[in-house]
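Read through the structure below, which is laid out as structure tokens, and then see the notes.
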Ligand code: SAH
Ligand code: SF4
Ligand code: F3S
């Protein structure tokens with residue numbers, strides 16, 4: 001069993017001191033260095049990239065949005081599917097040229113892909129223009145790694161699979177002025193048989209509630225309006241802390257903070273979602289009535305092989321309860337087609353489940369074997385064509401449902417958070433994340449307003465300010 005280690009204050013201070021030294025290093029050269037951070041994968045990685053930017057800023061770097069001419073490039077990678085990895089390898093390959101054009105450019109790779117020994121090895125042997133590699137466990141040590149590369153010119157690899165840690169107080173540069181991510185826990189204990197995440201991000205560990213409350217309070221004070229709590233399975237929050245506080249309790253506390261904001265969270269594992277959680281959601285107006293509840297498959301045999309530990313019946317019961325206490329609850333989900341051994345008949349159970357639940361949106365994936373996971377060893381007789389055919393049917397089914405739900409907004413009045421301008425209209429999002437365009441003045445940006453929906457296009461709604 002891995003232990004959770006809270007990185008000691010002294011160690012983090014040492015990293016801060018290194019940031020100061022790097023800043024001085026550049027000042028002595030009379031250069032203001034710039035950095036480019038590119039993120040692949042999920043919100044968890046987005047949140048990590050904001051901390052990488054925070055550390056870079058402390059080291060004196062300004063941010064740029066292109067590889068060209070950057071003094072430091074960090075690719076924060078994802079390992080969830082083969083496609084994600086191929087994109088990374090392709091993009092890293094291309095950096096040979098940008099590096100040639102900008103002497104002294106330093107290239108780092110980090111994130112989940114670097115948590116896999118074989119991927120880190122491949123970078124070491126075949127991508128020699130990469131200066132440094134670190135996996136998610138070593139993120140907090142980035143300043144130290146950067147300094148080593150700058151001072152010695154030698155390549156660094158921090159890829160040991162350490163016991164899971166938690167580092168508090170790393171500086172953060174947020175990408176958005178209204179929406180913020182807050183990681184409440186790291187890692188995953190579930191070992192769904194297809195998934196690489198537990199291998200690359202280690203075991204579940206929760207941040208202490210007071211640290212989370214402090215961060216959310218600060219965000220609200222800074223004017224953030226849409227705050228998402230992040231974890232691979234937020235419903236097991238607190239189990240490792242032994243404080244008698246579960247995720248529903250944490251949410252309950254946060255939703256009582258003063259201010260005008262929406263609170264949301266992801267992801268929930270159906271086996272751990274509780275009625276108590278739905279009740280807390282229903283009770284607080286500040287908790288967005290949106291729930292992302294991945295089901296992965298509608299067939300019980302496949303669910304068992306996936307090691308998901310719930311049945312489609314239990315899943316539907318949960319959805320029904322949620323809707324009974326929150327009519328109009330926005331439901332979204334993830335689903336995988338072509339899991340090893342899935343038959344056409346079993347796939348039809350997935351279609352049936354989608355038609356029963358009628359999701360607002362679905363994230364659909366074709367199964368991708370991940371080295372080292374149990375599913376990658378399972379016999380997989382279905383052909384690529386079989387899988388593509390199922391995938392197309394899945395997407396068609398959901399598109400039809402999405403369109404019907406989308407149209408049904410016309411004539412209703414919804415609360416939206418105005419977040420920007422596009423020509424002569426403002427852009428905004430509903431509680432469930434739908435894009436709404438309407439005419440209004442710039443001073444509405446950053447506030448919640450009521451909008452009457454008058455029309456829709458395929459991907460967005462059109463409305464007008466309601467009195
Ligand atoms: N922790 C979250 C999801 C993390 S990954 C959860 O349990 O819901 C996001 C989604 O990617 C998963 O829900 C799953 O649908 C998909 N996914 C994960 N591994 C995959 C694989 N090997 N092939 C295809 N899709 C995968
Ligand atoms: Fe992967 Fe399952 Fe953990 Fe989600 S809960 S990260 S799908 S192992
Ligand atoms: Fe990818 Fe890691 Fe997220 S594998 S989906 S970036 S947790």
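Here the average projected area of the convex hull drawn through the C-alpha atoms of the chain stands at 23.5 nm².
Direction-averaged projected area, Cα convex hull, segment 133-233: 8.0 nm², rounded to one decimal. Each part reduced to its alpha carbon centroid, segment 71-103 and segment 134-155 end up 17 Å apart. Across segment 119-190, counting alpha-carbon atoms alone, Rg and Dmax equal 15.1, 42 Å. The equivalent ellipsoid of segment 347-431 has semi-axes of 36, 18, 12 Å, largest first, where each one is the square root of 5 times an eigenvalue of the Cα gyration tensor. Annotation: the residues 397, 77, sorted from fewest to most other C-beta atoms within 10 Å of their own C-beta, follow the order 397, 77.
Each principal axis of segment 176-288 carries a Cα extent, and these read 41, 30, 25 Å when sorted largest first. Ranked by how many other Cβ atoms sit within 10 Å of their own Cβ, fewest first, the residues 351, 123 fall in the order 351, 123. Sort out for me the Cα centre separation of segment 52-70 from segment 195-221, rounded to whole Å. Their Cα centres are 24 Å away from one another.
Over every Cα atom in segment 266-388, the radius of gyration and the widest Cα-Cα span, Dmax, amount to 15.5, 49 Å. Oblate is the label for segment 1-50, because the ratio a/c of its alpha-carbon gyration tensor axes (a ≥ b ≥ c) is 1.5 or higher and a/b is not greater than b/c. The mean of 1/r over all pairs of different alpha-carbon atoms in segment 413-465, once inverted, gives a Kirkwood hydrodynamic radius of 10.5 Å.
May I ask what percent, to the nearest 5, of DSSP beta bridges between residues of segment 176-288 are antiparallel? Given both bridge residues lie in segment 176-288, the antiparallel proportion sits at roughly 15 percent.
Can you work out D for segment 5-165 in µm² s⁻¹ from Stokes-Einstein, where Rh is the Kirkwood radius over C-alpha pairs, the temperature is 20 °C and the viscosity is 1.002 mPa s? D, rounded to a whole number, is 136 µm²/s.
Here is how the number arises for the chain: DSSP H runs of 4 or more residues each give -39500 (n - 2.57), the sum is divided by the residue count, and the result at 222 nm is -11500 deg cm²/dmol.
No lab work stands behind these numbers, since they all come straight from the coordinates. These numbers come from a predicted model, not from an experiment. Cβ: placed from backbone, ideal geometry, glycine included. Neighbour counts: every protein chain shown.
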